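All remarks here apply to the structure that follows.
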Amino acid sequence: MRLDKFLSITATATRSEAAKAVRAGEVLVDGEAAKKADLQIDPETATVTFRGRAVTYRQYTYVMMHKPQGVVSATEDGREQTVLDLLPAELQRLRPTLFPCGRLDKNTTGLMLLTNNGTLSHRLLAPARHVDKTYHFRVKFPLSAEDAAALEAGVDIGGYVTAPCRVERLVAEDGACREGMITLHEGKYHQIKLMMEARHNQITALARTDFGPLSLDPALAPGQWRLLRAEEIAALEAAGK
Ligand code: URA
């Protein structure tokens, strides 16, 4: 792989920054200053440093984000702020580009996975393996045990009957349930919103807490992100098998 490509896919530098740094003798390969930006290196074995910092090779990048309200789950949008806009420039310019693994509505908050591993993302969301996704919801009107049972069995959301899911009612001191947890094994557009509407109710807040084996890191405030840890990536890969 070319050295400048290596520096760009690891989000270290753009191709032109890489060329400049090479000319300035700021890129070392196995301890020696690289002479040319198109130098061929083996990304698995070469030790590369850029301006004194070691560059770690990873084929794919995985980001856990706490999606805030008002941001769309897209890589670019002419008008709205996107989840990608919340990442620093070096992650925005990764190639292949990071993209959200599945979608959350603009007003839904919580766990969003971004990756540039298209194969794994596709597998996690394919109908046959679709990983479980858990959400905390709030509703406008009390949700009865009968409502919860109907949601669990499946409701018609406009010509499609939802697959069985799990609903946990969180009952307040007055005995009414205005919030709870719902776990889906599929992901239709606006699914939870439409499911509540099928029970003549309305979602007032929705936050995703879990995506397959991942749980939202409580240390992440809305809008914050971190890279996934090795064990989290391994768990995702296992879930996609
Ligand atoms: N269901 C919805 O209605 N909205 C989401 O963002 C996710 C699931």
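The values are calculated or read from the model by the stated rules, or taken from the named source; none is laboratory data. Everything quoted here is computed from the prediction, not taken from an experiment. Here the Cβ positions follow ideal geometry from the backbone for every residue, glycine too, while neighbour counts run over all protein chains shown.
Anything in the range 10-25 that is in a helix (DSSP H, G or I), surrounded by fewer than 19 Cβ atoms within 10 Å (Cβ to Cβ) and of a type outside the set (Gly, Ala, Ser)? List them, or say none. Talk me through it step by step, then tell me what you get.
First pass over the range 10-25, keeping only residues in a helix (DSSP H, G or I): 15-23.
Those left that are additionally surrounded by fewer than 19 Cβ atoms within 10 Å (Cβ to Cβ): 15-17, 19-20, 23.
Arg15, Glu17, Lys20, Arg23 - these are the residues of the range 10-25 that are in a helix (DSSP H, G or I), surrounded by fewer than 19 Cβ atoms within 10 Å (Cβ to Cβ) and of a type outside the set (Gly, Ala, Ser).
Scan the range 94-108 and tell me whether some residue there is away from the ligand (no atom under 16 Å from the Cβ), assigned to a loop (DSSP other than H, G, I, E, B), within 21 Å of Ala205 (Cα to Cα) and not small (Gly, Ala, Ser). I'd like the intermediate steps shown before the answer.
Quick first cut of the range 94-108, residues away from the ligand (no atom under 16 Å from the Cβ) only: 94-99.
Applying the additional criterion that residues be assigned to a loop (DSSP other than H, G, I, E, B) yields 94-98.
With within 21 Å of Ala205 (Cα to Cα) added as a condition, the list becomes none.
No - not one qualifying residue is present in the range 94-108.
Name the residues in the range 193-241 that are at positive phi and surrounded by 13 or more Cβ atoms within 10 Å (Cβ to Cβ), would you?
If the condition is that a residue be at positive phi and surrounded by 13 or more Cβ atoms within 10 Å (Cβ to Cβ), then Gly212, Gly223 are the ones that fit.
Looking at Arg138, Arg169, which is the one that is assigned to a strand (DSSP E or B), closer than 22 Å to Met196 by Cα and more than 16 Å from the ligand (Cβ to nearest atom)? Can you show your working first?
Numbers: Arg138 fails: more than 16 Å from the ligand (Cβ to nearest atom).
One residue alone meets the criteria, Arg169.
Cβ-Cβ distance below 7 Å, separation of 6 or more or different chains: which pairs start in the range 70-91 with a residue that is buried (at least 16 other Cβ atoms within 10 Å of the Cβ) and end on one that is of a type in the set (Phe, Trp, Tyr) and part of a strand (DSSP E or B)?
Once the first residue is buried (at least 16 other Cβ atoms within 10 Å of the Cβ) and sits in the range 70-91, its partners that are of a type in the set (Phe, Trp, Tyr) and part of a strand (DSSP E or B) give Leu86/Trp225; Leu87/Trp225.
For Leu206, only one of the following conditions fails: (1) within 11 Å of the ligand (Cβ to nearest atom); (2) part of a strand (DSSP E or B); (3) of a type in the set (A, V, I, L, M); (4) within 12 Å of Asp147 (Cβ to Cβ). What is its number?
(4)
Go through the range 104-145 and count every residue that is closer than 30 Å to Val171 by Cα, in contact with a Ser or Thr (Cβ under 6 Å, 6 or more places away or on another chain) and either modelled with pLDDT under 95 or polar (S, T, N, Q) (or both).
Of the residues in the range 104-145, 1 are closer than 30 Å to Val171 by Cα, in contact with a Ser or Thr (Cβ under 6 Å, 6 or more places away or on another chain) and either modelled with pLDDT under 95 or polar (S, T, N, Q) (or both).
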